[in-house]
Structures are given as structure tokens and as C-alpha cells.
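Written out below as C-alpha cells is the structure these notes cover.
The values are calculated or read from the model by the stated rules, or taken from the named source; none is laboratory data. Predicted model, so just to flag it, every value in this text is computed and none were measured. Note that each Cβ is placed from the backbone with ideal geometry, even for glycine, and that neighbours are counted across all protein chains shown. Surface accessibility is based on the protein's heavy atoms, side chains included, excluding ligands, DNA and RNA. Shrake-Rupley method; radii C 1.70, N 1.55, O 1.52, S 1.80 Å.
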Amino acid sequence: MDEKRFVIALFGLAVALIVGFIGYRFVAPLTVAVFLYYSTRRLFHRLERFRLPARVRAVVSLSLIGVPLIGLLSYTVLLSLIEARRFIERYPVAETVGAENSWVGDLAQLSNPTLEGVVAAYRSGQLDPLIEFVSEQAGLLASTLGGLALNLLIVVVVTYYLLLDGSKFHEWLLRFDDDAVVREYLETVDAELEAVLYGNLLNVIAISIIAVVTYTAYNVIAPAPVEVPYPALAGALTGIASLIPVIGMKIVYLPLAAAASVPTVLGGDFALLAYVAGFLVVAAVVVDTIPDIVLRPYFSGKTTHVGLLMLAYIFGPVVFGFHGLFLAPIVLVLALTFADTALIRLLGADPDETGTDGRSAAVSRGQRRLDEF
């Protein structure tokens with residue numbers, strides 16, 4: 001290698017290290033962007049039948065997932081604030097925490113939460129403790145909101161341009177093809193990632209529908225004191241919670257059961273707890289167990305082993321943090337596909353003549369040879 005090539009290679013290595021560091025710094029939003037890309041790509045291509053420009057199709061694809069999700073989370077926060085205020089009004093929260101003069105007590109006394117009521121409370125000094133509390137935490141609040149906005153912007157921009165230029169990036173990678181190894185690997189990885197990550201979205205939608213129907217049916221049977229609050233919202237949140245490994249949907253239906261049983265226990269009507277117990281059984285079986293057994297194998301990809309995929313969902317958040325929920329399955333697919341395609345060639349075997357189980361490709365994996373009997 002001459003000096004010119006050495007300098008170019010050294011410069012390329014430096015650039016690669018910088019890009020790698022930036023990617024590592026923002027690995028969480030980039031991982032979520034890849035997940036959204038594969039979740040919306042089928043819809044993006046299907047919108048071609050309406051002869052829409054690519055940019056419009058990308059915006060529509062992102063909006064059909066992003067807008068409902070943002071609306072759902074906003075509605076959840078709003079209802080949480082309303083229910084928290086009702087709880088403060090009904091039970092002596094301020095006295096319990098010993099904060100009669102704190103902002104908790106002041107908010108409990110805020111009888112008119114409209115814009116005019118808030119303005120009047122501000123003029124009277126009723127909101128001063130709350131304003132002081134927010135001012136003390138302004139730095140942490142600004143840092144948290146700024147980081148969230150930056151990550152959200154990265155997710156939207158990266159997903160948008162992956163939808164527009166993903167095929168161009170694929171073609172650029174194929175320029176380094178050697179004996180069709182790169183092409184085979186990239187095409188296999190691309191198809192399997194779409195099957196796995198798009199399957200996650202289908203699983204969320206299916207479980208959300210099942211949960212909404214189950215919670216609504218329970219409310220038809222159960223008495224009013226032990227009904228599930230906001231069954232449609234609770235069902236949608238249950239579907240989203242199914243992405244979380246191990247605990248998953250339990251973080252939704254267990255608090256729902258607690259919310260339904262606490263007023264009953266405080267009222268002394270313990271007979272109604274039988275309905276709450278029945279709700280837990282139905283939720284655990286119909287919403288949690290059966291969909292996980294029946295639906296997940298159909299949404300788990302074409303070739304990726306379901307057990308390995310479940311382990312990736314479990315270990316991913318432990319090793320990488322919350323974004324490991326999406327990163328670990330991606331790493332698993334990359335590794336298994338490499339072992340099933342490129343590694344065979346590197347070890348000197350001919351994939352056209354030898355299958356992954358060492359047998360002839362002409363013999364099916366489930367078919368036995370005559371000499372085995």
C-alpha cells in the first residue's frame with residue numbers, strides 16, 4: 001500500500017470512528033427509528049397504488065402510527081391528572097403526607113380547574129408553592145424535556161429518510177458484493193427484520209383489540225363499583241405494554257384490578273371482590289397467556305427461533321436499557337442470518353449443496369434418508 005492509500009485509509013478510519021461514536025451516543029433513537037421503519041415500510045409501499053409522491057407516503061405512514069400513539073399517551077396523562085385530582089378531593093392526601101400548606105393541599109382546594117379558575121388562583125397566590133417547586137426543578141425538567149425532544153426529532157427524521165432512501169442505501173451496500181454473499185445476506189436480513197419487527201406491531205394491535213373486547217365484556221357483567229375504568233384506553237395500553245418482556249401486560253391489568261378493588265375494600269363490600277378475582281383470571285388467560293401462545297409464533301419472523309427471540313426480548317432491556325427491547329432482536333437476526341448465510345461460505349461449504357443441518361439441499365430438513373432406518 002502506497003502512502004496515498006495509507007493516508008486515505010487512515011482518514012476513513014477516523015471518520016468511521018467519529019460516526020460510530022455518534023451512533024453509539026444516539027443508539028436508542030436510532031434503534032427505535034429502525035423499528036418504525038420496518039413497521040411502516042409495507043404501508044409506505046402499499047400507498048403507491050394511490051399514486052402519491054414518496055414524501056407524502058412517508059408522512060402518511062409515520063402519521064398513522066405516530067399521531068394515534070401521541071394522542072393515546074396525551075389522553076392517558078390527562079385522565080391520570082383528572083383521576084389524581086378526584087382522589088385528592090375524596091381522600092385526605094394532604095393531611096396524610098403532612099402537607100397542609102404545600103402545593104398538594106393548594107391543588108386539592110382548587111375548585112375550578114378551568115382557565116379562569118387557574119388565573120384567579122394565580123392572582124390570589126394559591127399556586128405560589130407549585131410555582132416555587134417547578135422553579136427549583138427547572139434545570140432537571142428542561143434537561144429531560146430537551147433530551148426527549150431531541151430523541152423524538154432523531155427518530156422522526158431518520159425514519160422518514162429511511163422510507164425515502166432505504167433502497168438507495170441498500171444498493172450502495174451491494175457495491176461491495178463478492179460472489180453474491182453480501183447480496184444474499186442483506187436480502188435475508190432485510191426480509192427477516194421486517195417479519196420480526198412488523199410482527200411486533202401486529203402483535204400490539206391484536207392484543208389491544210383482544211384487551212378492549214375483554215375489558216368491555218367484563219364491564220357488562222360486573223357491577224358498577226368494580227368496573228374497569230376506561231376499558232378502551234386500558235386495552236390500548238395493554239397492547240403497548242405487551243412489548244415489555246416478562247411483566248408485559250401485567251403492568252396494566254394488575255393496577256386495573258387494584259383500582260377496582262380499593263374502593264370496594266374501603267366500602268366494606270368484600271363480596272364484590274369475587275368479580276375482581278374473576279377479572280384477573282380472565283385477563284391472565286384470555287389477554288396474556290393465549291395470545292402469547294397462539295399469536296406470537298405467527299408474528300415472530302420467518303426463520304428466527306421463537307425461544308431465542310423471547311430470550312432477546314428478556315435480555316435486551318437488561319443489557320442495553322429500554323431500547324434493548326428493539327435492539328436485541330435486531331442483533332439476534334443479524335447474527336443468526338450471518339451464521340446461516342455468510343458463515344457457511346467462509347467455512348468453505350457450498351450453500352447450494354449443503355443445508356444448515358449438513359445434509360444435501362435436495363433433501364428436506366424434515367425428510368429422513370433411507371439409511372437412517
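Each of Val294 and Ile82 was given a label point 7 Å from its Cα along the Cα-to-Cβ line. The distance between the two points is 3.3 nm. In this rough spin-label picture, where each label sits 7 Å from Cα along the Cβ direction, the Thr303-Phe26 distance is 3.3 nm. Full extension of the chain between Val59 and Tyr161 yields a length gain of 35.7 nm, computed as 0.36 nm times the residue separation minus the alpha carbon distance. How high is the FRET efficiency from Phe270 to Val134, r the C-beta distance, R0 45 Å, rounded to 0.05? E between Phe270 and Val134, to the nearest 0.05, is 0.60. Note on Ser61: accessible area is roughly 0 Å² with a 1.4 Å probe, heavy atoms of protein only. Taking 0.36 nm per residue of separation and subtracting the Cα-Cα distance, full extension of the segment from Ala339 to Arg46 would add 102.3 nm. The 1.4 Å probe gives accessible areas that order Arg296, Arg55, Arg42, largest first, as Arg55, Arg42, Arg296.
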